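Here's the structure, in structure tokens; my notes come after.
The values are calculated or read from the model by the stated rules, or taken from the named source; none is laboratory data. What you see is a predicted model; the values in this text were computed from it and never measured. Ideal geometry is used to build each Cβ from the backbone, glycine not excepted, and the neighbour counts take in all protein chains shown.
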Amino acid sequence: MTSANYDRQNLRLSAAQEAQCTDFLQHLVQTPSLSGQEASVARIVATEMQRLGFQSVHTDRIGNVIGRYGQSGGPILLLNGHMDTVNVGDLSAWKHDPFGGEIIDQKLYGRGSVDMKGPLAAMLHGIGILIAQGVPLPGEVVVVAVVQEEPTEGMAMRVLVEEEGLRPDWVILGEPTLMQISRGQRGRMEIRVATMGRSCHASTPEKGDNALYEAARLIFGVEILNARLMEDAVLGKGSIAVTHLATVAGSRNAIPDRCDLVIDRRLTLGETALRALAEIEALLQREDVRGRVNTGYYRSTSYTGYHTEGPEVYPAWLLAADNPLLLQTSASLEKSLATRPQVRTWGFSTDGVYTMGEAGIPTVGFGPGDDMLAHTADEHIALAQVFDASRAYAHLSIDLLNYLSTHTLS
Ligand SMILES: [Zn+2]
């Protein structure tokens, strides 16, 4: 490592760099990127990484865009942001064009501004600060803009780690935290149940066995079960909710012989998919319902044509309160932002289900923007927070890589 002749106080965006960061974010928001349709936004991200001077920029098999800065062979810090967004929903609920990228009172409006194009812009431009000032790093910072996080969180990170062979030591997720720290989240799974009956003419219902009535008993049991699920002191209680129901019948004047239900199950720490399935089986037995229980299964094809599939199970994860990543992140943010960040957890699910939940890579969350605005009409982000987060990511890259290069992690 060469002698560090940069000035820590100056590790921030200049006025010109702030303007470029704003333009970039505006361009991202103006480019729709539903999950599986991230090609255009991926090109914009790759071009911006090249313009900022990232050392290597490439797109992997599933379409993640990866840019690196620093020195290879040492520790690796991964900054993660997803490129996809959810749909706009009811357009009449929006006062601002969801793809306009309008700026009013220094807030940028549009779908994805918070979740999470704003944080992604902050990450790229944060590392851009280090590149522009030639700050040497005792390792590498890798910015990864991932695909398809919204429907199948963790899946694109699994491809990056298990198929592309990237092995980060620590991961920072830029999902919005309002500049605080998140150290975990409940997991989730999708459960599918089919209740079985026997069809007959609807004019003589007593001669058949209505699968919808079977489902009704199950639904009642699910509502009661929700109040009784186990609780984790930090992540809170698991939850269960029926979110979809459809009958299968020959016609509207036939008794349905099958009813398909979708159940959203949030898993707190200590709850497993096996346990969640067993609870439903027990419910069926108690309520004397004939039915089949299965884990949901996704199949998807990325914009690069890469096919993935797997069970819809996303485990809970929580970084220990004394984990060095949490302590070092906290200390670094306290210096760069001149305020002590709070440590909390997310209510929603993130790529951490894979990085920490499955791969066991220490993972922490820090990002600009209010997570309560994610997926809402008139989603927006304060530009000042994006700029502050850029500075924070620059400092985090130095501080965390310095720590990693001088400590052996057990
Ligand atoms: Zn998100």
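Here are the numbers:
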{"read-out": "Conditions (1) free of Cβ contacts under 8 Å to residues at least 12 places away in the same chain; (2) crowded, with 24+ Cβ neighbours inside 10 Å; number of the one not met by Thr376", "value": "(2)"}
{"read-out": "Matching strands (runs of 3 or more DSSP E) fully within segment 265-329 where at least 3 residues are among the hydroxyl-bearing types (Ser, Thr, Tyr)", "value": "297-301"}
{"read-out": "Segments classed as strands (runs of 3 or more DSSP E), wholly inside segment 1-118, with at least 2 members that are of a type in the set (Ser, Thr, Tyr)", "value": "56-59"}
{"read-out": "Within segment 350-365, tally of residues that are touching a Leu at 6+ places or on another chain (Cβ under 7 Å) and farther than 14 Å from His82 by Cα", "value": "4"}
{"read-out": "Residue in segment 140-155 that is part of a loop (DSSP other than H, G, I, E, B), at positive phi, in contact with a strand residue (DSSP E or B) (Cβ under 7 Å, 6 or more places away or on another chain) and in contact (Cβ under 8 Å) with a residue 60 or more places away in the chain present", "value": "yes"}
{"read-out": "One residue from Arg266, Arg299, Arg292, Arg275 being within 19 Å of Asn210 (Cβ to Cβ) and modelled with pLDDT of 95 or more", "value": "Arg292"}
{"read-out": "Which numbered condition Leu373 fails, given (1) away from the ligand (no atom under 16 Å from the Cβ); (2) farther than 12 Å from Ile172 by Cα; (3) of a type in the set (A, V, I, L, M, F, W, C)", "value": "(1)"}
{"read-out": "In segment 232-263, the residues that are part of a loop (DSSP other than H, G, I, E, B) and either under 21 Å from Ala215 (Cα atoms) or of a type in the set (Phe, Trp, Tyr) (or both)", "value": "Ala249, Gly250, Ser251, Arg252, Asn253, Ile255, Pro256, Asp257"}
{"read-out": "Test: residue in segment 92-102 that is in contact with an Asp or Glu (Cβ under 8 Å, 6 or more places away or on another chain), more than 16 Å from the ligand (Cβ to nearest atom), more than 18 Å from Gln55 (Cα to Cα) and basic (Lys, Arg)", "value": "yes"}
{"read-out": "Hey, Gly81 under 22 Å from Ser302 (Cα atoms), modelled with pLDDT of 95 or more, within 16 Å of the ligand (Cβ to nearest atom) and surrounded by 23 or more Cβ atoms within 10 Å (Cβ to Cβ) or not", "value": "yes"}
